[in-house]
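For reference, the structure discussed in these notes is given below.
The numbers here are math on the coordinates, done by the rules we state, and not lab data. Computed from a predicted structure; not experimentally measured. FYI the Cβ positions are ideal-geometry reconstructions off the backbone, even for glycines, and counts take in every protein chain you see.
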Amino acid sequence: MKVVKNYLYNAFYQIFVLLVPLVTTPYLSRVLGPHGVGINSYTNSIIQYFILAGSIGIGMYGNRQIAFVRDDKEKLTRTFYEIFFLRIITITIAYVFFVVFLLLTKEYRLYYIAQSISIIAAAFDISWFFMGVENFAVTIFRNLVIKILSLICIFTFVKSFNDLFIYIAILSLSLLFGNLTLFPSLKRYVGRVNWKKLGILKHLAPSISLFIPQIAIQIYLVVNKTMLGSLDSVVAAGYFDQSDKVIRLVLAVVTATGTVMLPHVANAYMRGDVQKTKESLYSSFSFVSALSVPMMFGMIAITKKFVPLFFSEKFIAIVPLMQVESIVILIIAWGSAIGVQYLLPTQQNKNYTMSVVLGAIVNIIINVPLILWLGAFGASIATVCSEITVSGYQLFSIRKQISYKKLFHDFGKYILAGFLMFMIVLLLDNRLGYSWGMLWLEVIIGACTYLLFLYLLKADILKEAKKILKIK
């Protein structure tokens, strides 16, 4: 039951983190316009490279290491401080390189300065620790007030394109203050540290082994925006970014299981319970498939109505981008279940790294011609292709460890139920008027229809859900 509760906490947290900028999007798309949104997207994509370089895979590595030693307070304390100080050092080095970059850059310099606060915020991000000890509630409630305050500040101080610097500064400062509020909760877990016994550098090599896949992941998450800004325009980068935000919000509900299951499976693996790790994979894979299939079909069906209502008519070009990128909801869900919930906790870093490196290579190879030919739409196609490569290789890498029959059990039922739901929602979308009320009606009918078809098809996932709900 703890895993279920942590999933709900983390799903809420992931949605909430994305919800603040997403809630403001309809307002900002009208106030800042495509050009302002594009500048923010482009400059932030550059800043993410410095954050990535400074983090060197510590977030994921720290999560796993804390899970390994969480039952020994002395080791837990020492491990936390070693990893925390390593991150402080590496982020400081990254910021020095950012200052050099800033001195060599003439365009958007003021916006880069505001964005750079996020680099400093990354140094104090200790959410990996609380994920490792499986306490997801603290990361939610400590950040809740900060996020709400940032929301209020945006609507209060951002009134036109001239306030773009203020908007970026608000977002960056909210990250910094949100991370700082996590520190008071540490005293419950860590004690006094013996400074002489700290071995900071011993964590460098293993964290770098996870840094390589993080680089690859960042390439196909951020490079699209960077390349669009350079090869096309910041407006095209803005279109892609807005589309990507919505898809990532939907994905947060599904991939939240990854962060929750990583420490849980890692702890079971360290105890030698191999069978439990496999059973966890079968269960989580079925769960994310059942959840992501209707989300994928649903997003494709309602996008034509959602975009003008949410972003305004100025962003109508986003419609085909979102429809194509919706495919990754299912693909990334599989990657999360296999990569984050199985390969990493069972220390199969090589297979995980290879999958994301291949994804990045595919992304880079096809991005340039597709962006030059199709602009932002080409970047969306490249994203789908790279994610298919990642999940495809991960599926291939575990072929001798698991049973595909068990892994894809009932998947055909999910697809059939999802497709039938899609046809019904698409029919409604074409006939019902353009209003939020009609859109929500389509979503509700779609969800009920999908559940009904799963019931008629006798999908086992409903039985599993019923068992969980009965647990008190």
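Per-residue ellipticity at 222 nm, computed for the chain from helices alone with -39500 (n - 2.57) per DSSP H run of at least four residues, works out to -27000 deg cm²/dmol. Peptides 60-66, 25-31 ranked from most to least packed, by the mean per-residue count of other Cβ atoms within 10 Å: 60-66, 25-31. Computed from the Kirkwood radius of its Cα pairs, the Stokes-Einstein diffusion coefficient for the stretch 60-151 at 25 °C and 0.890 mPa s stands at 161 µm²/s.
Extension gain, Thr156 to Leu456, is 103.0 nm, computed as 0.36 nm per intervening residue step minus the present C-alpha separation. A protection proxy built from the mean count of other Cβ atoms within 10 Å ranks the segments 80-87, 431-438, 294-301, 143-150, most packed first, as 294-301, 80-87, 143-150, 431-438.
In plain terms, the C-alpha convex hull of the stretch 379-461 casts an average shadow of 7.6 nm² when viewed from every direction.
For the set Lys147/Lys196; Lys276/Lys413; Lys225/Lys304; Lys147/Lys350; Lys75/Lys406, the pairs lying more than 29 angstrom apart at their alpha carbons are Lys147/Lys196; Lys147/Lys350; Lys75/Lys406. Each label point was placed 7 Å from the Cα along the Cα-to-Cβ direction; for Arg188 and Leu102 their separation is 3.7 nm. Relative contact order for the chain: 20 percent, from Cα pairs under 8 Å spaced at least 6 residues apart, divided by residue count. Model label sites at Phe396 and Thr92, defined 7 Å from Cα along the beta-carbon direction, differ in position by 4.4 nm. Equivalent ellipsoid of the chain: semi-axes from √(5λ) of the C-alpha gyration tensor, largest first, are 32, 31, 21 Å.
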